[in-house]
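**Q** Just dropping this structure here.
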Amino acid sequence: MGNGQGAGPESCLQAARDLKDGWVSIVAVLNPDSGEVSYFEAVALPFGAVSAVTGFNRAESAREIAEEVLGSLGWKIAQGAKALPFDRVFNMLGATISFERAAKRDVLVKNKPGRLEAIEEVVMQCVSERRCDRKRMLSIKGKLLFAAGHVFGRCAQLATQLISHQGNDRHPGREHVDDLLNALRFALETLKSGGPRCVGAWSQQPPVLIFTDGACEQEGNLVTHGALLFDPVTGRKEVFGDHVPKCLVERWKGGGKKQVIFFAEIFPVVVAKATWKDVVQGSRVLFFLDNEGARFTFIRSYSAQVNATDLLMISARLDVQSRALGWYSRVPSKSNPTDAASRLEFESYADCKRVDPSYEALLPEGK
């Protein structure tokens with residue numbers, strides 16, 4: 001199907017043959033060197049075939065009519081260098097889409113080359129200057145939201161929320177600037193190390209269920225937590241409960257706080273992600289919390305509580321590593337099956353396997 005610019009291979013398009021004609025699309029060729037016959041399957045309609053010219057003309061006519069209709073509706077048709085042929089990997093709206101693993105029912109999505117590097121250049125400039133003016137902050141926010149939206153959006157939420165809250169502050173303090181720069185670097189590092197997002201075919205399997213709870217008693221001197229996992233597919237039931245490490249409680253009490261229940265409710269969710277990261281790999285997960293403040297913190301991936309920042313960063317990193325899709329739901333306190341586990345009472349979990357919580361990704365080095 002020619003485009004009127006010559007007869008070379010680059011100036012011609014091919015029309016695919018009908019699948020039902022596959023039985024007559026085998027070409028046999030004698031190899032003069034080996035004396036053996038080689039067979040090739042023609043996947044496109046060859047010149048010289050019966051009604052080939054008619055088929056080419058009909059396809060070309062259909063293409064022209066389709067372009068005329070779309071043009072009349074206001075659509076602009078890609079022409080020239082932008083009229084790219086079909087391919088397994090292509091760029092679309094700033095993202096690179098790959099169908100190279102389509103046979104495994106997976107589509108890969110990543111930022112097009114150079115996008116993250118361009119954002120990193122601006123961020124590192126702010127880091128070197130130890131300042132970031134309002135204009136650059138808003139520019140970084142828009143670019144970061146766009147870049148993260150293609151792959152793992154939550155890892156950039158903390159940085160973009162900080163920009164929004166500091167946008168009206170014309171003279172932010174050094175501590176606030178440092179928090180913002182750390183969040184920006186975390187978002188970039190996570191996006192770069194996370195690789196492409198794998199979008200799999202819709203699964204009919206039910207999601208994994210994780211219930212969490214925290215307890216804070218004796219004016220913050222006794223802080224415990226617990227979580228329970230149930231996988232409906234395998235029937236796996238596991239539970240853990242433990243004291244929150246003392247070094248974390250002391251950090252949460254910074255500034256004279258006595259009640260740290262908010263942090264105690266956030267903590268077991270992150271611990272559950274670390275403990276069962278292999279179980280939830282690539283799965284849909286329903287997290288059930290009985291504290292609305294903690295639930296909305298995970299939904300937004302942001303909290304005004306400074307001491308919650310590290311936990312949210314770890315949570316976002318674990319999400320990227322596990323490729324799990326989390327949904328945070330409300331469960332009434334009286335219906336929360338982890339209430340007893342959070343108080344280190346395990347008599348009611350006879351049908352569950354008790355496991356040790358993993359703190360490897362959460363504790364400061366040396367603790």
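Taken together, the values in this text are just the output of simple stated rules run on the coordinates, not laboratory data. Please read these numbers as outputs of a predicted model, since none were measured by experiment. Don't worry about glycine lacking a Cβ; one is built from the backbone with ideal geometry, like all the others, and counts go over all protein chains shown.
**Q** Return a whole-number percent for the relative contact order of the chain, with Cα pairs under 8 Å and 6 or more residues apart as the contact set.
**A** Averaging sequence separation for qualifying contacts and normalising by length gives 13 percent for the chain.
**Q** What is the gain in length, in nm to one decimal, between ARG284 and VAL29 on full extension, counting 0.36 nm per residue of separation less the C-alpha to C-alpha distance?
**A** Extra length from ARG284 to VAL29 when fully extended: 86.6 nm.
**Q** Hey, another quick one. I want to make sure I understand the PRE zone here: with the label point 7 angstrom from the Cα of GLU219 toward its beta carbon, which residues in the range 240-278 have backbone N atoms less than 11 Å away?
**A** 258-259
**Q** To the nearest Å, what is the center-to-center distance of the range 42-115 and the range 267-336, using C-alpha atoms only?
**A** 41
**Q** Which net charge results for the neighbourhood of ARG330, defined as the other residues with beta-carbon distances under 13 angstrom from its beta-carbon, given Lys and Arg at +1 and Asp and Glu at -1?
**A** Result for the local shell: -2.
**Q** Test of the criteria: in the range 84-172, which trypsin sites (Lys or Arg not before Pro) are in a DSSP loop and have at most 14 other Cβ atoms within 10 angstrom of their Cβ?
**A** The qualifying sites are ARG88, ARG101, ARG105, ARG130, ARG131, ARG170.
**Q** Taking only the alpha carbons of the chain, what extent do you get along each of the three principal axes, in Å, biggest first?
**A** 89, 57, 47
**Q** Hey, rough spin-label estimate for GLN205 and PHE296, points 7 angstrom out along Cα→Cβ, what's it come to in nanometres?
**A** The answer from the label model is 3.4 nm.
**Q** Counting Lys and Arg as +1 and Asp and Glu as -1, each charge on the Cβ, what is the dipole of the chain about the Cα centre in debye, to the nearest 20?
**A** Result for the chain is approximately 920 debye, rounded to the nearest 20.
**Q** For the range 192-265, which GluC sites (Glu not before Pro) are in a loop by DSSP, counting at most 13 other Cβ atoms within 10 Å?
**A** GLU219
**Q** Could you check the spin-label model distance between ARG330 and GLU189? Points 7 Å from the Cα along Cα→Cβ, value in nm.
**A** Here the answer is 3.6 nm between the modelled labels.
**Q** Go ahead and run the numbers for FRET between LEU145 and ALA102, Cβ-Cβ distance against an R0 of 30 Å, rounding to 0.05.
**A** The formula returns an efficiency of 0.60 here.
**Q** Restricting to DSSP loop positions (anything but H, G, I, E, B) with no more than 12 other Cβ atoms inside 10 Å of their own Cβ, which trypsin sites (Lys or Arg not before Pro) remain in the range 187-284?
**A** Sites meeting the loop and neighbour criteria: LYS258.
**Q** Seen from all sides and averaged, what is the projected area of the convex hull of the Cα atoms in the range 115-199, in nm²?
**A** 5.0
**Q** Hey, another quick one. Could you pull out the longest piece of the chain with no exposed loop chymotrypsin sites (Phe, Trp or Tyr not before Pro) in it, calling a site exposed if DSSP puts it outside H, G, I, E, B and it has at most 10 other Cβ atoms within 10 Å?
**A** No qualifying site falls inside 203-367, the longest such stretch.
**Q** Next question. With the chain treated as a Gaussian network of Cα nodes joined by springs under 10 Å, which of ALA156, ALA215, ALA62 yields the largest mean-square fluctuation?
**A** Comparing ALA156, ALA215, ALA62 in a Gaussian network model of the chain, the most mobile one is ALA62.
**Q** Just want the answer: with Cβ charges of +1 for Lys and Arg and -1 for Asp and Glu, which residue in CYS352, ALA102, ALA324 is farthest toward the dipole's positive end in the chain?
**A** About the Cα centre, the residue reaching furthest to the positive side is ALA324.
**Q** Measure nothing fancy, just the Cα-based angle from helix 309-322's long axis to the longest principal axis of the chain, in degrees from 0 to 90, nearest 10.
**A** Here the helix axis deviates by roughly 40 degrees.
**Q** Turning to a different aspect of this structure: In nm, to one decimal, how far is the VAL233 label point from the VAL177 one, both placed 7 Å along Cα→Cβ?
**A** 4.9
**Q** So how much slack lies between ALA52 and ALA83, counting 0.36 nm per residue of separation and subtracting their Cα-Cα distance, in nm?
**A** Result: 8.7 nm gained on full extension.
**Q** How tilted is helix 154-166 with respect to the longest principal axis of the chain? Cα atoms for both, answer in degrees (0 to 90, nearest 10).
**A** 70
**Q** For LYS237, give me every one of the lysines with a C-alpha distance below 23 angstrom, ignoring sequence neighbours fewer than eight places off in its own chain.
**A** Straight-distance partners of LYS237: LYS273, LYS277, LYS334, LYS353.
**Q** To continue, here is another question. For the range 59-73, take each phi angle, set θ = phi - 60°, evaluate the Karplus expression 6.51 cos²θ - 1.76 cosθ + 1.60, and give the result in whole Hz per residue in order, putting x for glycine and proline.
**A** Residue by residue, the range 59-73 yields 5, 5, 5, 5, 4, 4, 5, 4, 5, 5, 5, 5, x, 5, 7 Hz.
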